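So the structure is just underneath, and the comments pick up after that.
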Amino acid sequence: MSLPIKQISLLARLIIGSLFIYASGYKVFDPADFATSVRNYMILPPGWTNFVAITLPWVELGAGIFLILGILTRPAALLTTSMLAVFLAGLAHAYWIGLDIDCGCFSSAAQSTGKIGLFHFVRDSCLLLISAFIVIFDRGHFSVLRNQPLDV
């Protein structure tokens with residue numbers, strides 16, 4: 001028996017929403033350490049890393065909450081899909097230049113588990129596809145805002 005798109009979309013929203021809330025956790029409470037993780041990628045100018053370290057976790061948290069509650073789900077999923085695409089590009093950059101850094105997704109730079117590898121690419125690619133599924137197929141079912149426009 002196959003699940004209808006409504007249930008699959010809800011499951012995808014719960015997965016991506018929960019993951020983004022979880023990922024924002026340590027970053028919200030320790031932005032200085034997250035700034036180190038951002039700086040380790042050597043992509044942004046040093047002056048921008050603090051701004052990113054302070055704002056990105058709150059954007060992740062908000063997008064995750066919106067997905068779980070069903071508030072503006074397609075725009076929230078478009079945001080998470082975009083973030084995941086940028087994260088994948090950052091991973092590719094770090095891998096390409098041979099950086100021996102932790103991805104900084106779920107733990108601090110101080111708790112680094114080592115070099116970015118194939119696992120990170122597969123994981124983030126799967127998450128990107130799940131998030132894109134929400135953008136394409138979600139119609140606001142199982143939403144706390146029942147009168148929300150379905151094709152925002």
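The values are calculated or read from the model by the stated rules, or taken from the named source; none is laboratory data. Predicted, not measured: the structure shown is a model, and the values here were computed from it. Every residue, glycine among them, receives a Cβ derived from its backbone with ideal geometry; neighbour counts consider all protein chains shown.
Specify which of the listed residues (6, 27) is within 25 Å of residue 92 (Cβ to Cβ), in contact (Cβ under 8 Å) with a residue 24 or more places away in the chain and of a type outside the set (A, V, I, L, M, F, W, C). Can you show your working first?
On the way: 6 fails: within 25 Å of residue 92 (Cβ to Cβ).
One residue alone meets the criteria, 27.
In a residue-by-residue description of the stretch 34-44, the property of being closer than 18 Å to residue 91 by Cα and modelled with pLDDT of 95 or more applies to no position.
Every listed requirement among (1) touching a Leu at 6+ places or on another chain (Cβ under 6 Å); (2) farther than 23 Å from residue 132 by Cβ; (3) of a type in the set (Lys, Arg) is met by residue 27 save one, (1).
Checked against the criterion of being modelled with pLDDT of 90 or more, out of contact with any Pro (no Cβ under 9 Å at 6 or more places or on another chain) and surrounded by 14 or more Cβ atoms within 10 Å (Cβ to Cβ), the candidates 54, 101, 68 yield just one match: 68. Selection of the stretch 38-51 for residues being among the hydrophobic types (A, V, I, L, M, F, W, C) and over 22 Å from residue 115 (Cβ atoms) yields 48, 51. For the stretch 4-23, taking the residues that are at pLDDT 95 or above and of a type outside the set (A, V, I, L, M), the one that is farthest from residue 80 (Cα to Cα) is identified as 22.
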